[in-house]
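Visitor: This is the structure, below, for whatever I ask next.
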Amino acid sequence: MESGRLISEARYGNLAQVKYLLGKGIDVDSTDHKGGTALFAASAKGHIEVVLELIRNKADVNIMTEDGSTPLIAATCNGHLGVVKALIKGKADVNKRNPNYATALRYASSYNEDTSIMNELLDAGADFNVQEKIGITPLMISCKKGRLDQVHMLLKKGADVNLKCKKNLKALDYANQQENTDIIEALTNVSNMVVFIFTYLMLFYMSNLFFTSTGYKDGGYSWKC
């Protein structure tokens, strides 16, 4: 079938054939037996020119395969930064979840050693505290993988170090399992800062409450009625 051919040509990066088939009126969002489209195939393989052509032809950038993968997740898993940028520019939903409630950011933590794709996703508004069905967060995955640069990036964005997965583990627990002292230090510093800020705010609140509930009388304090 011509629709199957479109997907195949996209998978192999044959831009001329993709243009030819689209020109014949082939549905840009036609799927294979697993629900994959031409855009999904090109995204997974990193064929940026084909991806751009398909987006120009109104391909659905958020369509999901039968297992819940999206073109953005496919590009992220395979480390195709240019495709990730193109899909985001084409209005791909960076927070779209698969059946396990995982987003592209989860796969950036799991599959990418550097921070380039993670940075793109975060800048596009990816939820850095998103939890899968089992409660795992991108920060926990980066800790488990021992990726210090990712941990720093997520912490800088405000990732919550106190979230727990369904095993009752925090990001620090995963770092301790790996005995990664640099990540442990980074997490501990943030935890200590959170405690310090919370304590300071509580003291400020209590002192403010005290002074607003008292007043000056005859040169001294007296409780207001």
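Visitor: Exactly one condition in (1) within 22 Å of Thr31 (Cα to Cα); (2) at pLDDT below 95 is not met by Ala104; state its number.
Guide: Unmet condition: (2).
Visitor: Something else about it: Tally the residues that are surrounded by fewer than 20 Cβ atoms within 10 Å (Cβ to Cβ) and under 11 Å from the mean Cα position of the chain (by Cα), restricting the search to the stretch 99-119.
Guide: So the answer is 2.
Visitor: Have a look at Asn112, Asn119, Asn78 and point out the one that is modelled with pLDDT under 95 and of a type in the set (S, T, N, Q).
Guide: Working: Asn119 fails: modelled with pLDDT under 95; Asn78 fails: modelled with pLDDT under 95.
Just a single option satisfies the conditions, and that option is Asn112.
Visitor: What about Gly135, is it in contact (Cβ under 8 Å) with a residue 12 or more places away in the chain, surrounded by fewer than 24 Cβ atoms within 10 Å (Cβ to Cβ), outside the structural domain of Gln177 (by TED's automatic domain parsing) and not charged (D, E, K, R)?
Guide: Details: in contact (Cβ under 8 Å) with a residue 12 or more places away in the chain: yes; surrounded by fewer than 24 Cβ atoms within 10 Å (Cβ to Cβ): yes; outside the structural domain of Gln177 (by TED's automatic domain parsing): no; not charged (D, E, K, R): yes.
No, not satisfied.
Visitor: Please work out if Ala44 is in a helix (DSSP H, G or I) and touching a Cys at 6+ places or on another chain (Cβ under 8 Å). Give the steps one after another, and end with the answer.
Guide: Values: in a helix (DSSP H, G or I): yes; touching a Cys at 6+ places or on another chain (Cβ under 8 Å): yes.
So Ala44 passes the test.
Visitor: Also, I was wondering about something else. Checking the structure you have, find out if any residue of the stretch 10-22 is hydrophobic (A, V, I, L, M, F, W, C) and at pLDDT below 95. So that I can check it myself, show each step before the final result.
Guide: Going residue by residue through the stretch 10-22, those that are hydrophobic (A, V, I, L, M, F, W, C) are 10, 15-16, 18, 21-22.
Adding the requirement that they be at pLDDT below 95 leaves none.
Within the stretch 10-22, not a single residue is hydrophobic (A, V, I, L, M, F, W, C) and at pLDDT below 95.
Visitor: State the number of residues belonging to the stretch 146-179 that are part of a loop (DSSP other than H, G, I, E, B) and under 17 Å from Asp114 (Cβ atoms).
Guide: First, the residues of the stretch 146-179 that are part of a loop (DSSP other than H, G, I, E, B): 146-147, 158-170, 179.
Cutting the leftovers down to under 17 Å from Asp114 (Cβ atoms) gives us 146-147.
Matching residues across the stretch 146-179 total 2.
Visitor: State all residues of the stretch 70-79 that are surrounded by fewer than 23 Cβ atoms within 10 Å (Cβ to Cβ) and in a loop (DSSP other than H, G, I, E, B); if no residue qualifies, say none.
Guide: From the stretch 70-79, those surrounded by fewer than 23 Cβ atoms within 10 Å (Cβ to Cβ) are 77-79; that's our starting set.
Matches in the stretch 70-79: Asn78, Gly79.
The values are calculated or read from the model by the stated rules, or taken from the named source; none is laboratory data. Because the structure is a prediction, the values reported are computed rather than measured. Cβ: placed from backbone, ideal geometry, glycine included. Neighbour counts: every protein chain shown.
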